[in-house]
1. So which of 3, 20 ends up being on the phi > 0 side of the Ramachandran plot and modelled with pLDDT under 85?
2. What number of residues within segment 75-124 are aliphatic (A, V, I, L, M) and within 30 Å of residue 53 (Cβ to Cβ)?
3. Restricting the search to segment 34-62, which residues are touching a residue at least 12 places away in the same chain (Cβ under 8 Å) and farther than 14 Å from residue 121 by Cα?
Amino acid sequence: MDGGDLPSTDCSSEPLATGGEAAVARAEEFGHPQEGCEALARAISSTLGDVMREFDGRAEGAARSQDELIRSIDRLTGELDKLLEDAPLPFIMQHAMKISSIHKRVSALNLLLKSIQRRIDNIDRMLSTGVPNGDNVPPDIVETSSLTL
């Protein structure tokens, strides 16, 4: 096949507009560029709104799970400490150290998740109130976390 046997088309070489771009193009074609921008903004807002609601639900589930895990580890650590007081065997002490290490890591992860959720909530609040530029962005939204696991 050398391309000579392909049917010719009358399509222009411009890429096809899809989704919100098509709405903007149609609105501009009829002399309403502002309406096109608003249509695009509504389409983006609708799509991102669904994604953010799903993310919020999953983030809340993760936070609940982390809280439940930390309570279980706290309970287990207390029981293990009580067991160590009664019979301080090297085998038990070794496992107690592992559990304490896990407890510290889970606590650090829980703090990190809560910090991320707080930042996302701040960003969502800023977007919903319509902050026009990044001049008034609180520093805790853009700061990087110093927690390491």
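1. Of 3, 20, the one residue that is on the phi > 0 side of the Ramachandran plot and modelled with pLDDT under 85 is 3.
2. Going through segment 75-124 one residue at a time, the tally reaches 9.
3. Listed by number, the residues that qualify are 36, 37, 39, 40, 43, 44, 62.
Conditions tested, residue by residue: (1) modelled with pLDDT of 85 or more; (2) surrounded by 14 or more Cβ atoms within 10 Å (Cβ to Cβ); (3) of a type in the set (Phe, Trp, Tyr); (4) within 23 Å of residue 118 (Cβ to Cβ).
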{"site": "50", "(1), (2), (3), (4)": "no, no, no, yes"}
{"site": "58", "(1), (2), (3), (4)": "yes, no, no, yes"}
{"site": "69", "(1), (2), (3), (4)": "yes, yes, no, yes"}
{"site": "77", "(1), (2), (3), (4)": "no, yes, no, no"}
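The values are calculated or read from the model by the stated rules, or taken from the named source; none is laboratory data. In this text, all values refer to a predicted model and were calculated from it rather than measured experimentally. Neighbour counts are summed over all protein chains in view; Cβ atoms, including those assigned to glycine, are modelled from backbone coordinates with ideal geometry.
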